[in-house]
Amino acid sequence: MTMKALRRNERFITDAKGNLAAVILDIRTYHKLLDELEMREDVEDYRKAKAETQADFDSGNTVSVETYFEKRFGRKKRK
C-alpha cells in the first residue's frame, strides 16, 4: 500500500478545538499496515542476525556440523 493510496481516503477525528486527534482506517487498510510493519521488523531482525552470524564466522567462532555432532553426541554424523 502506497502513501498516496492511504491519503486518498483520509478520515480524521478532531477534538473540541478542531485539532486532529485520531485517524479512522477501514479494517482492511489497518491489517495491511500491520502486515507491512511486521515485514519491516522481520527484515530488521534478519539483518541483525546475519551481521551477528557473519561476525561469528569472521572471528572463527563457528564449528562444522560434523564437529558439532561429535561433541554433542560423541559420534560422527551419519551420511
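The values are calculated or read from the model by the stated rules, or taken from the named source; none is laboratory data. Please read these numbers as outputs of a predicted model, since none were measured by experiment. Cβ: placed from backbone, ideal geometry, glycine included. Neighbour counts: every protein chain shown.
Things to note:
- Among the residues of this structure, THR62 counts as one that is farther than 30 Å from THR2 by Cβ and in contact with a helix residue (DSSP H, G or I) (Cβ under 7 Å, 6 or more places away or on another chain).
- The single condition among (1) at pLDDT 95 or above; (2) touching a Ser or Thr at 6+ places or on another chain (Cβ under 9 Å) that MET39 does not meet is (2).
- Count of residues meeting criterion [under 19 Å from ARG11 (Cβ atoms), surrounded by 10 or more Cβ atoms within 10 Å (Cβ to Cβ) and of a type in the set (A, V, I, L, M)] in the stretch 23-64: 5
- Residue check for THR67: within 21 Å of the chain's Cα centre (by Cα) and surrounded by 10 or more Cβ atoms within 10 Å (Cβ to Cβ): no
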